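S.K.: Encoded as C-alpha coordinates, here's the structure I'll be asking about.
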Amino acid sequence: MTSGFAVRAYRPEDERGWVVCRVLAFLESSFYDDVRREKEQYERTAIELVAECDGEIVGLIDVECELEPGTVCEARPGLGGMIWHLAVHPDHRRRGVATALLREAEHRAREHDLVRLEAWTRDDPLARSWYESRGFELVAGYLHVYIELDEGLRDLFPVTPDGIRPVKVFAHYLGDDEQAVRKRFARVHEDVLYERRFR
(Lines give C-alpha, C1' and ligand atoms only; values in the text may rest on other atoms or scores of the structure.)
Protein backbone atom coordinates (compact mmCIF):
# COMPACT_ATOMS: atom_id res chain seq x y z
CA MET A 1 0.00 0.00 0.00
CA THR A 2 1.41 3.37 -1.07
CA SER A 3 -0.24 6.72 -0.20
CA GLY A 4 -3.65 5.10 0.16
CA PHE A 5 -3.53 2.94 -2.98
CA ALA A 6 -2.23 -0.53 -3.76
CA VAL A 7 -0.63 -1.74 -7.00
CA ARG A 8 -1.61 -5.26 -7.98
CA ALA A 9 -2.15 -7.51 -10.97
CA TYR A 10 -5.17 -6.80 -13.14
CA ARG A 11 -8.08 -9.23 -12.73
CA PRO A 12 -10.95 -9.82 -15.19
CA GLU A 13 -13.46 -8.31 -12.74
CA ASP A 14 -11.49 -5.03 -12.95
CA GLU A 15 -12.47 -4.44 -16.58
CA ARG A 16 -15.21 -1.86 -16.03
CA GLY A 17 -13.07 0.11 -13.57
CA TRP A 18 -10.11 -0.13 -15.99
CA VAL A 19 -12.22 1.29 -18.84
CA VAL A 20 -13.67 4.10 -16.70
CA CYS A 21 -10.23 5.08 -15.38
CA ARG A 22 -8.73 5.13 -18.87
CA VAL A 23 -11.58 7.15 -20.39
CA LEU A 24 -11.48 9.78 -17.63
CA ALA A 25 -7.68 10.00 -17.73
CA PHE A 26 -7.57 10.41 -21.51
CA LEU A 27 -10.34 13.05 -21.68
CA GLU A 28 -7.90 15.81 -20.74
CA SER A 29 -5.22 14.65 -23.17
CA SER A 30 -4.77 14.87 -26.94
CA PHE A 31 -5.98 11.24 -27.04
CA TYR A 32 -9.42 12.38 -25.83
CA ASP A 33 -11.26 10.53 -28.60
CA ASP A 34 -9.34 7.25 -28.25
CA VAL A 35 -12.19 5.65 -26.31
CA ARG A 36 -12.18 1.93 -25.50
CA ARG A 37 -15.29 0.05 -24.45
CA GLU A 38 -13.38 -2.98 -23.25
CA LYS A 39 -9.89 -3.78 -22.13
CA GLU A 40 -7.38 -4.84 -24.75
CA GLN A 41 -6.28 -8.49 -24.72
CA TYR A 42 -2.75 -9.56 -25.68
CA GLU A 43 -1.51 -12.56 -27.65
CA ARG A 44 1.95 -12.31 -26.09
CA THR A 45 2.93 -12.20 -22.45
CA ALA A 46 1.79 -8.94 -20.88
CA ILE A 47 2.29 -7.16 -17.59
CA GLU A 48 -1.15 -5.84 -16.64
CA LEU A 49 -1.34 -3.86 -13.41
CA VAL A 50 -3.84 -1.61 -11.70
CA ALA A 51 -3.70 0.77 -8.76
CA GLU A 52 -6.66 0.40 -6.44
CA CYS A 53 -7.94 2.77 -3.77
CA ASP A 54 -11.00 1.95 -1.65
CA GLY A 55 -12.19 -0.57 -4.23
CA GLU A 56 -11.83 1.83 -7.18
CA ILE A 57 -9.35 1.48 -10.04
CA VAL A 58 -7.39 4.74 -9.96
CA GLY A 59 -4.51 3.82 -12.27
CA LEU A 60 -3.41 1.24 -14.81
CA ILE A 61 -0.49 0.12 -16.91
CA ASP A 62 -0.31 -2.54 -19.64
CA VAL A 63 3.06 -3.64 -21.01
CA GLU A 64 3.25 -6.18 -23.85
CA CYS A 65 6.50 -8.18 -23.68
CA GLU A 66 8.72 -9.31 -26.50
CA LEU A 67 10.05 -12.84 -26.77
CA GLU A 68 12.21 -11.81 -29.72
CA PRO A 69 13.61 -8.31 -30.35
CA GLY A 70 11.64 -6.21 -32.83
CA THR A 71 8.34 -8.12 -32.54
CA VAL A 72 6.52 -5.58 -30.36
CA CYS A 73 8.94 -2.69 -29.99
CA GLU A 74 11.28 -0.94 -32.41
CA ALA A 75 14.14 -3.16 -33.62
CA ARG A 76 16.90 -2.15 -31.24
CA PRO A 77 19.21 -4.23 -29.05
CA GLY A 78 17.61 -6.32 -26.33
CA LEU A 79 14.11 -7.46 -25.51
CA GLY A 80 11.61 -4.66 -24.99
CA GLY A 81 8.18 -4.12 -23.54
CA MET A 82 5.66 -1.71 -25.05
CA ILE A 83 3.57 0.38 -22.67
CA TRP A 84 0.27 0.36 -24.53
CA HIS A 85 -1.80 1.91 -21.74
CA LEU A 86 -0.79 4.07 -18.78
CA ALA A 87 -3.45 6.17 -17.09
CA VAL A 88 -4.30 7.74 -13.75
CA HIS A 89 -7.80 8.79 -12.72
CA PRO A 90 -7.95 12.64 -12.66
CA ASP A 91 -9.01 12.67 -8.99
CA HIS A 92 -5.88 10.72 -7.99
CA ARG A 93 -3.13 12.54 -9.87
CA ARG A 94 0.04 13.78 -8.19
CA ARG A 95 -0.04 10.99 -5.61
CA GLY A 96 2.66 8.85 -7.22
CA VAL A 97 0.23 6.40 -8.83
CA ALA A 98 1.86 6.37 -12.28
CA THR A 99 5.35 6.16 -10.80
CA ALA A 100 4.37 3.22 -8.58
CA LEU A 101 2.79 1.43 -11.55
CA LEU A 102 5.89 2.01 -13.67
CA ARG A 103 8.20 0.84 -10.88
CA GLU A 104 6.27 -2.42 -10.45
CA ALA A 105 5.99 -2.94 -14.22
CA GLU A 106 9.75 -2.51 -14.57
CA HIS A 107 10.37 -4.99 -11.75
CA ARG A 108 8.19 -7.56 -13.51
CA ALA A 109 9.76 -6.73 -16.88
CA ARG A 110 13.15 -7.71 -15.51
CA GLU A 111 11.68 -11.10 -14.56
CA HIS A 112 10.77 -11.53 -18.26
CA ASP A 113 14.38 -10.69 -19.27
CA LEU A 114 13.38 -7.34 -20.77
CA VAL A 115 16.06 -4.66 -20.89
CA ARG A 116 13.95 -1.67 -21.91
CA LEU A 117 10.47 -0.20 -22.06
CA GLU A 118 8.98 1.85 -24.88
CA ALA A 119 5.99 4.18 -24.87
CA TRP A 120 4.29 6.26 -27.56
CA THR A 121 2.66 9.50 -26.52
CA ARG A 122 1.54 12.72 -28.16
CA ASP A 123 2.36 16.36 -27.67
CA ASP A 124 0.94 16.65 -24.16
CA PRO A 125 3.57 18.58 -22.17
CA LEU A 126 2.71 16.93 -18.84
CA ALA A 127 2.90 13.40 -20.23
CA ARG A 128 6.15 14.08 -22.03
CA SER A 129 7.79 15.73 -19.02
CA TRP A 130 6.66 12.81 -16.83
CA TYR A 131 8.32 10.26 -19.12
CA GLU A 132 11.48 12.34 -19.36
CA SER A 133 11.66 12.77 -15.57
CA ARG A 134 11.48 8.97 -15.22
CA GLY A 135 14.51 8.39 -17.44
CA PHE A 136 12.81 7.88 -20.80
CA GLU A 137 14.58 9.31 -23.84
CA LEU A 138 12.93 10.52 -27.04
CA VAL A 139 13.94 8.24 -29.93
CA ALA A 140 11.50 8.80 -32.81
CA GLY A 141 8.38 10.62 -33.93
CA TYR A 142 5.97 11.52 -36.71
CA LEU A 143 2.65 13.34 -37.05
CA HIS A 144 -0.91 12.19 -36.47
CA VAL A 145 -3.19 14.11 -38.84
CA TYR A 146 -6.99 14.34 -38.67
CA ILE A 147 -8.46 15.41 -42.01
CA GLU A 148 -11.99 16.82 -42.23
CA LEU A 149 -14.29 17.39 -45.22
CA ASP A 150 -13.67 21.13 -45.29
CA GLU A 151 -9.89 20.56 -45.42
CA GLY A 152 -9.89 19.00 -48.89
CA LEU A 153 -10.58 15.45 -47.77
CA ARG A 154 -12.38 14.49 -50.98
CA ASP A 155 -9.50 15.79 -53.11
CA LEU A 156 -7.02 13.70 -51.17
CA PHE A 157 -9.24 10.63 -50.91
CA PRO A 158 -11.93 10.67 -53.63
CA VAL A 159 -15.00 8.46 -53.65
CA THR A 160 -14.00 4.89 -54.41
CA PRO A 161 -15.35 3.09 -57.51
CA ASP A 162 -17.70 1.07 -55.31
CA GLY A 163 -19.16 4.21 -53.68
CA ILE A 164 -17.25 4.61 -50.41
CA ARG A 165 -17.20 8.32 -49.49
CA PRO A 166 -14.71 9.37 -46.80
CA VAL A 167 -16.07 11.89 -44.31
CA LYS A 168 -13.14 11.95 -41.88
CA VAL A 169 -9.62 10.48 -42.05
CA PHE A 170 -6.95 9.77 -39.47
CA ALA A 171 -3.52 9.61 -41.10
CA HIS A 172 0.19 9.36 -40.31
CA TYR A 173 2.53 11.91 -41.86
CA LEU A 174 6.09 10.66 -42.26
CA GLY A 175 7.45 13.38 -44.54
CA ASP A 176 9.83 16.26 -43.91
CA ASP A 177 7.56 19.32 -44.20
CA GLU A 178 5.75 19.24 -40.86
CA GLN A 179 5.08 22.99 -40.93
CA ALA A 180 3.10 22.69 -44.17
CA VAL A 181 0.99 19.91 -42.69
CA ARG A 182 0.33 21.89 -39.51
CA LYS A 183 -0.64 24.92 -41.58
CA ARG A 184 -3.01 22.95 -43.81
CA PHE A 185 -4.87 20.87 -41.22
CA ALA A 186 -6.45 22.02 -37.96
CA ARG A 187 -5.81 18.94 -35.85
CA VAL A 188 -2.24 17.68 -36.00
CA HIS A 189 -0.37 15.98 -33.15
CA GLU A 190 3.23 14.99 -32.83
CA ASP A 191 3.36 11.31 -31.88
CA VAL A 192 6.64 10.44 -30.18
CA LEU A 193 8.36 7.29 -29.02
CA TYR A 194 10.17 7.20 -25.69
CA GLU A 195 12.52 4.47 -24.48
CA ARG A 196 13.86 3.69 -21.03
CA ARG A 197 16.69 1.20 -20.81
CA PHE A 198 17.25 -0.37 -17.40
CA ARG A 199 19.88 -3.01 -18.23
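S.K.: In the stretch 1-19, what residues are within 18 Å of R95 (Cβ to Cβ), without any contact (Cβ under 8 Å) to a residue 60 or more places away in the chain and either crowded, with 19+ Cβ neighbours inside 10 Å or under 21 Å from the mean Cα position of the chain (by Cα) (or both)? Give the derivation first.
M.R.: Let us first name the residues in the stretch 1-19 that are within 18 Å of R95 (Cβ to Cβ), namely 1-8, 17.
If we keep only those that are without any contact (Cβ under 8 Å) to a residue 60 or more places away in the chain as well, we get 1, 6, 8, 17.
Across the stretch 1-19, the qualifying residues are R8, G17.
S.K.: Let me ask something else. Return the pairs, sorted by first residue and then second, in which the second residue is aromatic (F, W, Y), the first residue lies in the stretch 100-112 and is part of a helix (DSSP H, G or I), the beta carbons are less than 8 Å apart, and the residues are 6+ apart or on different chains.
M.R.: From the stretch 100-112, the pairs are A100/F5; E106/F198; A109/F198; R110/F198.
S.K.: Mind listing whichever residues of the stretch 131-163 are surrounded by 11 or more Cβ atoms within 10 Å (Cβ to Cβ) and small (G, A, S)?
M.R.: G135, A140, G141, G152
S.K.: Report every pair of residues separated by at least 6 positions or lying on different chains whose Cβ atoms are under 6 Å apart, first residue within the stretch 129-152 and within 22 Å of R197 (Cα to Cα), second of a type in the set (K, R).
M.R.: G135/R196; F136/R196
S.K.: Taking L60, is it closer than 28 Å to W18 by Cβ and modelled with pLDDT under 95?
M.R.: Here the answer is no, as L60 does not meet what is asked.
Condition check ((1) of a type in the set (S, T, Y); (2) modelled with pLDDT under 95) across all residues:
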| site | (1), (2) |
| --- | --- |
| G4 | no, yes |
| E13 | no, no |
| V19 | no, no |
| L24 | no, no |
| Y32 | yes, yes |
| L67 | no, yes |
| R76 | no, yes |
| W84 | no, no |
| A87 | no, no |
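S.K.: Something else about it: Quickly run through the stretch 154-197 and pick out the residues that are more than 24 Å from D123 (Cα to Cα) and either outside any loop (DSSP other than H, G, I, E, B) or not hydrophobic (A, V, I, L, M, F, W, C) (or both).
M.R.: Within the stretch 154-197, R154, D155, L156, P158, T160, P161, D162, G163, R165, P166 meet the criteria.
The values are calculated or read from the model by the stated rules, or taken from the named source; none is laboratory data. Predicted model, so just to flag it, every value in this text is computed and none were measured. A quick note on method: Cβ atoms are made from the backbone with ideal geometry, for glycine too, and the neighbour counts reach across all protein chains shown.
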